[in-house]
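Scroll down for the structure; my scribbles are underneath it.
The values are calculated or read from the model by the stated rules, or taken from the named source; none is laboratory data. For clarity, every value in this text was computed on a predicted model and none was experimentally measured. When we count neighbours, we look across all protein chains shown, and the Cβ atoms used for this are built from the backbone with ideal geometry, even at glycine. Heavy atoms of the whole protein, side chains included, go into the accessibility calculation; ligands, DNA and RNA do not. Shrake-Rupley method; radii C 1.70, N 1.55, O 1.52, S 1.80 Å.
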Amino acid sequence: MLKTHNCGELRATHAGQQVTLAGWVHRWRDQGGLVFLDLRDRWGITQIKVDQQTAPDAHALAKEVRSEWVIQVTGTVILRPDGMQNPDLPTGDVELAVSELKVLNRAKTPPFYINKDEKVEEALRMRYRYLDLRRPAMQSNLVLRHNVIRFIRNYLSERGFVEIETPILFKTTPEGARDYLVPSRVHPGKFYALPQSPQQLKQLLMVAGYERYFQIARCFRDEDQRGDRQPEFTQLDLEMSFVEREDVLDLIEGMMTRLVEEVTDRELVTRPFPRLSHAEALARYGTDKPDLRYGLEIVDLSAIAGQTEFRVFADTVSAGNPVRAICVPGCGTYSRKQLGELEEIARTAGAKGLAWMAIEENGDVRSPIAKFFSEDQLKAVVERAGATPGDLILFAADTETVVCDVLDTLRREMAARLDLADPNKVAFCWVIDFPLFEWNADENRWDPSHHLFTAPMWEDLALLDSDPGKVRGQQYDLACNGYEIAGGSIRIHDRAVQEKVFGLIGLDEAVARERFGHMLEAFEFGTPPHGGIAPGIDRLVMLLAGEPNIREVIAFPKTQQAADLMAGAPSEADLKQLEELHIRTVVGENER
RNA sequence: GGGGGCGUAGUGUAGCGGUUAACAUGCCGGCCUGUCAAGCCGGAGAUCGCGGGUUCGAAUCCCGUCGCUCCCGCCA
């Protein structure tokens, strides 16, 4: 090794020892006859003192040294003089008095600061990702990611799970997201697909009798990006045999709880994890992935609103649609301008306008729609909303879907404005009892609300024939801080049920056999009841790291245009490569 | 596919019809033996993303385009 210690470990107890350190020059302070270098490696920073008197050769070299040069220094660990300790540094009680300094590699001036946390344009960070990753903040994110994955591996291994790898080259399944396709050289005109998840393979591992499987699995989906969505991402993929919903929930709840406690210093605010039915989540929070770090719950005011003279409300209710609201504490003083901003936000979520009531300090209601309410009705609204003087009530009156979208959007907006979403807190909750299907009006068929292997509630089996919309799925989602962090289900293990579901989602029998014949066949060879779940590692680590997007916890992420700006991917392929793959591109032809 | 934001010295920002294009930091040179976001002195560094238009005059207004980003659609 070119070093005897790392830059984060030297303490007062090391004083007097001769050590060698190596790393990058974080900062340098040339004092003339005395040069200080802050030497950085993955473990920390140690101050290096180079004295002209005692080490003239090293001192001469140190004068030339610049940021991010790679150097090796040998010297004696000494206690800093009284009053010269740096309490901001774990190694701040000591410094290294250098006798020998060697430049291992010089460095150009970096295109942005490594030694300073300053916003840098994303494109520049991505182009020089290896420098971006050198920043201590990024290093700590990736180390956290490692610790999370290590914890998971240990936790599951201790509980009898086996980690098994599944292929990256698999078969296209157009039912889900758009596939990434890989042309086959050996089979002209045919394609592999990269897995959107190892769903089928892990179920087949249950058929194979492994009973408890997991994998830190890379998944690929060719859909447009978001801050929490990359074209390739990592899931903890997990499947268990002979289990019911409770078993999977217990396992994951225990794992997440201990993970947060042992690997992070975040505060777990919901324990045990609350369980909300899908319907309840929508009613109380307007979303199936609620942020439970704060209240601002939705209240239903349809009964009162329907009785008022306010046409918008009355008409909404008589059409069978809801009028709901959230009560925002302390915002009763909002100006016309501020309320206008909120209305604009409500409109982007689909609202046609935004009705509001501000409760003044004396209890009076200030509102453009107050005149359509009787005194009793006003009182009832205020009471039902739980509003007190100084509060602001924001209404949504529309179809069920729009009301949910609008109030969910407003709830998150107001939480952000009031700083209610504490980044140090972690609030998990389970969402259960999803409908198995959603009606797809465009295609005139049912779509699976999770995926096509999700089992119906056994007691709802009969409804598959009579009323598919009423069938509840044995599906469960884990939400955390407003993100969907995991989704899973108990699976169908019976060929007849699986075929029935294929039929309901409009999958032609021949097509079903071509695409999923191997699954149907497998189900006939003694398939145990089984189920599983797949937490998204990137999102989980993002939340635990307190980062706003998953690029911050992925070493080499893609941009929103799915490009790698460092390597320049995607790129054109040689004509020869294309010929071997029996591929001809049509770029340009479409534009004509 | 659609909507919003951003693009000005290496970096982060200001300027938003007429400025010598400003500030901070970094960079280069000098001074300095207790600094640690070191300090002090001096210096270099910008075809204002790119292309076109409006105007006597454009970083500034308009159109297009490229890149990054947030959101809708999409994400079984």
Response to the item:
Measuring from the longest principal axis of the C-alpha atoms of chain A, the long axis of helix A:375-385 (C-alpha) lies at a number of degrees, nearest 10, equal to 50 degrees
Discussion item. Taking the 0 to 90 degree range and rounding to the nearest ten, how far is the long axis of helix A:400-417 tilted relative to the main principal axis of chain A, both from C-alpha atoms?
Written reply: 30 degrees
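Nearest 20 debye, what's the magnitude of the dipole of the range A:104-249 about its Cα centre given +1 on Lys and Arg Cβ and -1 on Asp and Glu Cβ?
Working: 24 positive and 21 negative charges, 189 e Å.
Around 900 debye, computed over the range A:104-249.
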Worksheet item: For A:A193, which sequence-distant residues (separation of 5 or more, or a different chain) have an amide H within less than 5 Å of its own amide H, given hydrogens modelled in the peptide plane?
Response: A:F170, A:K171, A:T172, A:V182
Worksheet item: Which value, in debye to the nearest 20, gives the size of the charge dipole of chain A about its Cα centre, when Lys and Arg are +1 and Asp and Glu are -1 at the Cβ?
Response: 1980 debye
Practice prompt. Kindly give the semi-axes, whole Å and largest first, of the ellipsoid equivalent to the range A:12-105, taking each as the square root of 5 times a Cα gyration tensor eigenvalue.
Written response: 18, 15, 13
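Counting alpha carbon pairs within less than 8 Å and at least 6 residues apart, what relative contact order, in whole percent, applies to the range A:1-122? Don't jump to the answer; show the numbers that get you there.
Working: 279 pairs, mean separation 33.9, N = 122.
Contact order relative to length: 28 percent.
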Fill in: HN-Hα J in Hz across the range A:295-302 - Karplus 6.51, -1.76, 1.60, θ = phi - 60°, x for Gly and Pro
x, 6, 6, 7, 10, 8, 10, 3
Item to complete: May I ask which residue of A:Y210, A:G488, A:V403 lies farthest towards the positive end of the charge dipole of chain A, with charges of +1 (Lys, Arg) and -1 (Asp, Glu) on Cβ and the Cα centre as origin?
Response: A:Y210
Worksheet entry | Estimated vicinal HN-Hα couplings, Hz - the range A:321-337 in sequence order (Karplus 6.51, -1.76, 1.60; Gly, Pro = x) | 9, x, 10, 10, 7, 10, 10, 9, x, x, 9, x, 8, 4, 7, 3, 5
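What size of dipole, in debye to the nearest 20, comes out for the range A:332-474 about its Cα centre when the only charges are +1 on Lys and Arg C-beta atoms and -1 on Asp and Glu C-beta atoms? Walk me through the intermediate numbers first.
Details: 15 positive and 26 negative charges, 91 e Å.
The calculated dipole for the range A:332-474 is roughly 440 debye.
Past 26 Å, Cα to Cα: identify those pairs from A:K337/A:K371; A:K3/A:K63; A:K3/A:K119; A:K202/A:K576; A:K49/A:K116, in the order given.
Values: A:K337/A:K371 21 Å; A:K3/A:K63 22 Å; A:K3/A:K119 33 Å; A:K202/A:K576 37 Å; A:K49/A:K116 22 Å.
Correct reply: A:K3/A:K119; A:K202/A:K576.
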Practice prompt. For A:S277, enumerate residues with amide H under 5 Å from its amide H, sequence gap 5+ or separate chain, H modeled in the peptide plane.
Written response: A:I432
Response to the item:
Where a ≥ b ≥ c are root eigenvalues of the Cα gyration tensor, a/c under 1.5 meaning rounded, otherwise prolate if a/b exceeds b/c and oblate otherwise, chain A counts as oblate
Item to complete: Would you tell me the accessible area of A:I216, worked out with a 1.4 angstrom probe on the heavy atoms of the protein chains, in Å² to the nearest 10?
Response: 40 Å²
Practice prompt. Would you list, by chain and number, the aspartates and glutamates whose Cα falls below 14 Å from the Cα of A:K171, excluding same-chain residues fewer than 8 positions away?
Written response: A:D179, A:E514
Item to complete: Would you mind pulling out the separation of the Cα centroids of the range A:435-497 and the range A:260-309, in Å?
Response: 22 Å
Item to complete: Might you work out the accessible area of A:Y285 for me, using a 1.4 Å probe with all protein chains in place, and round it to the nearest 10 Å²?
Response: 10 Å²
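Give the percent of DSSP beta bridges with both residues in chain A that are antiparallel, rounded to the nearest 5. Write down the numbers at each step before the final one.
Working: 88 of 97 bridges.
Looking only at bridges with both residues in chain A, the antiparallel portion is about 90 percent.
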Practice prompt. Using +1 at the Cβ of each Lys and Arg and -1 at the Cβ of each Asp and Glu in chain A, identify which of A:M357, A:G83, A:G33 lies farthest towards the dipole's positive end.
Written response: A:G33
Worksheet, complete the sentence: To the nearest 10 degrees, the tilt of helix A:136-158 (Cα long axis) against the first principal axis of the alpha carbons of chain A is 60 degrees
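How would you classify the range A:294-420 from its alpha-carbon gyration tensor, with a ≥ b ≥ c the square roots of the eigenvalues: rounded for a/c under 1.5, else prolate if a/b is greater than b/c, otherwise oblate? Don't jump to the answer; show the numbers that get you there.
Working: a/c = 1.56, a/b = 1.08, b/c = 1.45.
Cα axes put the range A:294-420 in the oblate bin.
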Discussion item. Accessible area per residue for chain A in Å², computed with a 1.4 Å probe and the full protein assembly in place, what is it?
Written reply: 50 Å²
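Please report the net charge: other residues with Cβ closer than 14 Å to the Cβ of A:L565, K and R +1, D and E -1.
Working: positive: A:R125, A:R127, A:R129, A:R551, A:K558; negative: A:E121, A:E122, A:D132, A:D564.
Taking every other residue near A:L565 into account, the sum is +1.
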Item to complete: Calculate one ³J(HN,Hα) per residue across the range A:105-110 by plugging θ = phi - 60° into the Karplus curve 6.51 cos²θ - 1.76 cosθ + 1.60, and present them in order as whole Hz with x for glycine and proline.
Response: 6, 7, 9, 5, 4, x
Response to the item:
Applying the gyration tensor rule to the Cα atoms of the range A:109-212 (axes a ≥ b ≥ c; rounded if a/c under 1.5, else prolate if a/b exceeds b/c, else oblate), the class is oblate
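Using a 1.4 Å probe on the protein chains only, how many percent of the accessible area of the range A:12-105 belongs to carbon and sulfur?
Working: 2300 of 4660 Å².
Here carbon and sulfur together make up 49 percent of the probe-accessible area.
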